[in-house]
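Visitor: One structure is given below, represented as structure tokens, and several questions about it will come after.
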Amino acid sequence: MKRKKVLIITYYWPPSGGAGVQRWLKFTKYLPEYGWDPIIYTPENPEAPVEDLSLLNDIPKTVTVIKRPIWEPYHLYKKFIGMDQNENINAGFLTEHKKPRKKEDFSIWIRGNFFIPDARKYWIRPSVKFLKNYLTQNPVDIIVSTGPPHSMHLIPLKLKKYFNIPWVVDFRDPWINIDFYQQLKLTSWAHTKHTQLEKKVLRGADNVIVVGPTMGSYLKQKCRQEPQVIPNGFDHCNFEGIKIKPDSTFTISHVGSMNKDRNLELFWKCIAELTDHNQDLLRALKIKLVGKLDVSVSEHIQFYGLEKYVEKQSYLPHDQIAPLLMNSWLLYLPINNTPNSKSIQTGKLFEYLASNRPIVGVGPSDGDAAHILLKTGAGKMIDYHDSEGLKTMIMKQFHNYMRHDFNWESRDIQQYSRKALTGMLSKILTDTKTAS
């Protein structure tokens, strides 16, 4: 059978770390098993929040990776608000340190109204020029673009003028419905521009992939055909051969970034109230936070007097995450308290599933993440205002800790394995190519 070539345009790629890398790195890892040869097109010098060299091990040696220079205005932003030039820019309006309020507000206004769709817009024109020549000499069967940043989609949109190559758009997060959209301080002109660009991309693509059904329903009327749902997942290789050693402390773990909208005060308030009335819990408790944290997290921890119970680590290489999860007694899954909360499925959810540890979520009880927890029996989603429900879930697992009962069993999670999900992707790519 003749092998097929897919050009994947992505901003996030190893050695960049973080959630934005995982989805297409893992697809790329398994696509060759389904008869596809990936070609990665990615920036040579991106402004990545973190670096994770361990992810380089997941790139198949047969994969072609093309890196081209990108110019981004972040050095100007850093200089304007007084950041160190070596400090990384975080995604999703996560602020680790307080910044001058007026300067920060003005820089956000500039970002939202002048860098449309985002600050990577200056990579579009040189990429189109380069890929126009590259594709002439190196034909591919299909093109995929993944965002955010959604400027990645504008590259194949423009290439459509020169090539009749099928194009699939992958939305890891929404565009004008993303959780921080309202914080961009957009003028009506800028909002209209974002809306028009999103429409052009969705109408211009031959197929659209989204990570969940709620996002698919939202975009359905904007696309030429119904969006295809491929959720995020976990790679079974990351969890094989790990010897489970339950923590001696009652450890509640959260892995991943926590911006202001994901830092839910309910959690800290409930922990404080529980420890006030339970000395056993007070003596045993440890809360592990691994990932970038908004300054508001530290403020809440300090306000509720929980400093000595919280262990922070700004980043762990991805290959060290699984043991931490698998040895924890409870995994915490906060969902951003934003207008699009029902559609949010944080990437950590699926690695939580693979760890086979109980999950307590805080978010909409009728959202996509809540549905997955219910379907797999992996845990429970507690409403944003249900303090008694959250306390009950925490104490239920604490009682298991006191009995040394580490048993927990989820069900039907293999459907979220990266290999199985890549099989779904392969079918979509094949069907799109055939229909075009």
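The values are calculated or read from the model by the stated rules, or taken from the named source; none is laboratory data. Since this is a predicted model, take the numbers as computed values, not measurements. All Cβ positions, even for glycine, are placed from backbone atoms using ideal geometry, and neighbour counts span all protein chains on display.
Visitor: What's the total number of residues in the stretch 382-436 that are part of a helix (DSSP H, G or I) and not polar (S, T, N, Q)?
Guide: Residues meeting the conditions: 26.
Visitor: Let me ask another. Examine the stretch 66-84 for a residue that is assigned by TED's automatic domain parsing to the domain that holds TYR12, modelled with pLDDT of 80 or more, closer than 21 Å to TYR181 by Cβ and not in a helix (DSSP H, G or I), and state whether such a residue exists. Before the answer, list the steps.
Guide: Going through the stretch 66-84, the residues assigned by TED's automatic domain parsing to the domain that holds TYR12 turn out to be 66-84.
Next, only the ones that are modelled with pLDDT of 80 or more stay: 66-72.
If we keep only those that are closer than 21 Å to TYR181 by Cβ as well, we get 72.
Okay, now just the ones that are also not in a helix (DSSP H, G or I), so 72.
Scanning the stretch 66-84, I find at least one residue that is assigned by TED's automatic domain parsing to the domain that holds TYR12, modelled with pLDDT of 80 or more, closer than 21 Å to TYR181 by Cβ and not in a helix (DSSP H, G or I), so the answer is yes.
Visitor: Would the stretch 171-178 turn up any residue that is of a type outside the set (Gly, Ala, Ser) and not in a loop (DSSP other than H, G, I, E, B)? Please lay out each step first, then the result.
Guide: Filtering the stretch 171-178 for residues of a type outside the set (Gly, Ala, Ser) gives 171-178.
Add one more test, that the residue is not in a loop (DSSP other than H, G, I, E, B), and what stays is 171.
Checked the stretch 171-178: at least one residue is of a type outside the set (Gly, Ala, Ser) and not in a loop (DSSP other than H, G, I, E, B).
Visitor: Given the criterion loosely packed, with under 14 Cβ neighbours inside 10 Å, touching a Phe, Trp or Tyr at 6+ places or on another chain (Cβ under 9 Å) and part of a helix (DSSP H, G or I), identify the matching residue among LEU266, LEU274, LEU282, LEU197.
Guide: Of the residues listed, the single one that is loosely packed, with under 14 Cβ neighbours inside 10 Å, touching a Phe, Trp or Tyr at 6+ places or on another chain (Cβ under 9 Å) and part of a helix (DSSP H, G or I) is LEU282.
Visitor: Also: Return the residues of the stretch 132-154 that are touching a strand residue (DSSP E or B) at 6+ places or on another chain (Cβ under 7 Å) and crowded, with 22+ Cβ neighbours inside 10 Å; say none if nothing qualifies.
Guide: Going residue by residue through the stretch 132-154, those that are touching a strand residue (DSSP E or B) at 6+ places or on another chain (Cβ under 7 Å) are 140-147, 152-153.
Residues satisfying the conditions are ILE142, ILE143, VAL144, SER145, THR146, GLY147, MET152, HIS153.
Visitor: Right, GLY347: within 30 Å of PRO38 (Cα to Cα) and either assigned by TED's automatic domain parsing to the domain that holds ILE165 or within 19 Å of the chain's Cα centre (by Cα) (or both) or not?
Guide: Answer is yes for this residue.
Visitor: Right, next: Can you tell me which residue is surrounded by the most Cβ atoms within 10 Å (Cβ to Cβ) among those in the stretch 297-307 that are farther than 27 Å from GLY20 by Cα and aliphatic (A, V, I, L, M)?
Guide: Here the answer is ILE301.
Visitor: Oh, and also: Would you pick out the residues in the stretch 308-366 that are without any contact (Cβ under 8 Å) to a residue 40 or more places away in the chain, in a loop (DSSP other than H, G, I, E, B) and buried (at least 23 other Cβ atoms within 10 Å of the Cβ)?
Guide: Result: GLY363, single match.
Visitor: Any idea which residue in the stretch 181-215 is modelled with the lowest pLDDT, counting only those that are more than 17 Å from LYS161 (Cβ to Cβ) and among the charged types (D, E, K, R)?
Guide: Here the answer is LYS185.
Visitor: Every residue in the stretch 43-54 that is crowded, with 21+ Cβ neighbours inside 10 Å and modelled with pLDDT of 95 or more, please.
Guide: Result: PRO43, single match.
Conditions tested, residue by residue: (1) within 18 Å of SER436 (Cβ to Cβ); (2) touching a residue at least 60 places away in the same chain (Cβ under 8 Å).
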site	(1), (2)
VAL140	yes, yes
PRO148	no, yes
LYS161	yes, no
THR195	no, no
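Visitor: Restricting attention to the stretch 367-392, report how many residues are under 19 Å from TRP268 (Cβ atoms), touching a residue at least 40 places away in the same chain (Cβ under 8 Å) and in contact with a Pro (Cβ under 9 Å, 6 or more places away or on another chain).
Guide: 2
Visitor: Follow-up. Would you please name the residue that is farthest from MET152 (Cα to Cα), looking only at residues in the stretch 1-48 that are among the small types (Gly, Ala, Ser) and not in a helix (DSSP H, G or I)? Even if it seems obvious, please write down each step before you answer.
Guide: Residues of the stretch 1-48 that are among the small types (Gly, Ala, Ser), as a first pass: 16-20, 35, 48.
Still in the list and also not in a helix (DSSP H, G or I): 16-18, 35, 48.
Details: SER16: 17, GLY17: 18, GLY18: 18, GLY35: 25, ALA48: 15 Å.
My answer is GLY35.
Visitor: Here's something else I'd like to know. Are any residues in the stretch 296-322 modelled with pLDDT under 90 and among the aromatic types (Phe, Trp, Tyr), and if so, which ones?
Guide: Correct list: TYR315 only.
Visitor: Could you please give the count of residues in the stretch 270-287 that are basic (Lys, Arg) and touching a helix residue (DSSP H, G or I) at 6+ places or on another chain (Cβ under 7 Å)?
Guide: 1
Visitor: Hey, can you tell me all the residues within the stretch 234-259 that are polar (S, T, N, Q), surrounded by fewer than 23 Cβ atoms within 10 Å (Cβ to Cβ) and within 21 Å of ILE394 (Cβ to Cβ)?
Guide: Within the stretch 234-259, SER248, THR249, THR251 meet the criteria.
Visitor: Another one. Take LYS375 and tell me if it is modelled with pLDDT of 95 or more, surrounded by fewer than 22 Cβ atoms within 10 Å (Cβ to Cβ), closer than 26 Å to HIS236 by Cβ and in the same structural domain as VAL229 (by TED's automatic domain parsing). Write out each step before concluding.
Guide: Values: modelled with pLDDT of 95 or more: yes; surrounded by fewer than 22 Cβ atoms within 10 Å (Cβ to Cβ): yes; closer than 26 Å to HIS236 by Cβ: yes; in the same structural domain as VAL229 (by TED's automatic domain parsing): no.
Judged against the criteria, LYS375 is not a match.
Visitor: Quick one: would you say GLU33 is under 19 Å from LYS419 (Cα atoms) and out of contact with any Gly (no Cβ under 7 Å at 6 or more places or on another chain)?
Guide: Taking the combined requirement at face value, the residue satisfies it.
Visitor: Is there any pair with a first residue in the stretch 210-233 that is under 20 Å from LYS26 (Cβ atoms) and a second that is among the aromatic types (Phe, Trp, Tyr) whose Cβ atoms are under 6 Å apart and which are 6 or more apart or on different chains, and what are they?
Guide: VAL210/PHE171; ASN232/PHE350; GLY233/PHE350; GLY233/TYR416
Visitor: Being closer than 26 Å to LEU421 by Cα and in contact (Cβ under 8 Å) with a residue 60 or more places away in the chain is the filter; apply it to the stretch 169-193 and report the residue that is surrounded by the fewest Cβ atoms within 10 Å (Cβ to Cβ).
Guide: Checking each candidate, the answer is ASN177.
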